[in-house]
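In what follows, a structure is listed as structure tokens, so that the remarks can point back to it.
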Amino acid sequence: MKLHEYQAKEYFARYGLPVQTGVVIDRAEQIAGLALRYPVVIKAQVLVGGRGKAGGVQLAATPEDAQERARVILGMDIKGERVARVLVAEAADIEREYYLAFVTDRAAGRVAAIASGEGGVEIEAVARTAPDKLVRAEADPFLGFPAYQARVVGRRLGFAGSVLEEFVRIATALYRLYWTEDADLAEINPLALVGGRLLCVDAKLVLDDNALYRHAEAPPSEELTQLEAAARRAGLAYVELDGDIAVIGNGAGLVMSTLDLLAHFGGRAANFLDVGGGASAEAMQTALGIVQQKPGVRAVFINIFGGITRCDDVARGIVENPPKVPASIRLTGTNEAQGQQILKDAGIAAGLDPDEGARVAVELARRGAQAREAR
Ligand code: GDP
Ligand code: MN
């Protein structure tokens, strides 16, 4: 789970890492009421990187200037993500930019520190053009990342004296944060030299989704759409795509092949929802509610192969919450006859063949599109 810079900096502050004083706002007018020392830096809070290059990081000398720039940034779309909030922070007078991160190095099976004297630019670019400028050090799973190791890294970046000791404090604290919070990535880019001291000007933190259950205090994920979040709460696997046919299936393999079938007949899925094995009537009802809410859905294709999942349960779910858009239903397997009967009694048609089901779904969506054009 990716966190916003301002959220990452809240973690940083808690672990004693030096960050600028700043406030998050969602309206440019709020600038006037902020007690900040000028100049300030205004930063788009989006989950994508490279905000600086996209114009999402701007310096402002006065409150008027800041308000104007905040207004511009709040109207931006950065790599497809709308800017809803900006961080306004006291600007740093940067002398030099460095890079420091802890990452999970899967190949090595270790947590690794990556550092560089070439900060502020994409580390991937440094890795490509000047790999010798990267300093790498592996943390020992039992010893962690002790000060003596951080000191070796710091010396290789050219630090000495009190700045070196400050680097050691920062690197060991960043490792502690990474380890304690079950992060996948903890990155400072740039780690800046400001008035002879080090400051975390940017902060990036990615938490391991699989460990989130151990961190109830972690902020809710903002990576998911509303529907994806609703599905996750209901324990259903849901993914958004950009076609116009909503898909419900049971089992990842069946759902994948359902997408292929739709494509084969010239259709495109709007989303897909895997109700999983042993899906109850209730899960089916919830699933139908979620997939049809996606804007632009013209048809729904329900493709269920009953195994542990029973067709009668699925049918009951469908009858409880009948599709609001034209639906193609394929229902076969365990308790097939009962399931088909329940649908029939409710006046809902269903077939047994997946190819035919997909073909019909594509046809229904096409008719929906034509009807819309005719209007
Ligand atoms: P990113 O582009 O998304 O990585 O956003 P950053 O927070 O790293 O900002 C991009 C660049 O803007 C940094 O590398 C700095 O050069 C510059 N920048 C950000 N904050 C400040 C600041 O407080 N003062 C100055 N002088 N430059 C800043
Ligand atoms: Mn950055």
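As a length-normalised measure over Cα pairs under 8 Å and 6 or more apart, the relative contact order of the chain settles at 12 percent. Per the Kirkwood formula applied to alpha carbons, the stretch 226-374 shows a radius of gyration over Rh ratio, Rg over Rh, of 0.93. Spin-label model, Glu217 to Arg375: label points 7 Å out along the Cα-to-beta-carbon direction sit 5.1 nm apart.
Between Glu138 and Gln338, 0.36 nm times their residue separation minus their Cα-Cα distance comes to what?
Details: separation 200, 0.36 × 200 = 72.00 nm, distance 5.99 nm.
Here the answer is 66.0 nm.
On the stretch 87-146, 50 percent of the accessible area sits on carbon and sulfur atoms, based on a 1.4 Å probe. For Lys294, a cut-off of 23 angstrom between C-alpha atoms picks up these lysines, skipping any fewer than 8 places away in its own chain: Lys79, Lys324. When the chain is described by a simple charge dipole with +1 on each Lys and Arg Cβ and -1 on each Asp and Glu Cβ, the residue from Phe305, Pro39, Gln20 located farthest towards its positive end is Pro39. Each Cα pair under 8 Å and six or more residues apart adds its separation to the average, and for the stretch 94-214 the resulting relative contact order is 29 percent.
The values are calculated or read from the model by the stated rules, or taken from the named source; none is laboratory data. For clarity, every value in this text was computed on a predicted model and none was experimentally measured. Methodologically, a virtual Cβ is constructed for each residue, glycine included, from the backbone with ideal geometry; neighbour enumeration extends over all protein chains shown. All accessible areas refer to the heavy atoms of the entire protein, side chains included, with ligands and DNA or RNA removed. Shrake-Rupley method; radii C 1.70, N 1.55, O 1.52, S 1.80 Å.
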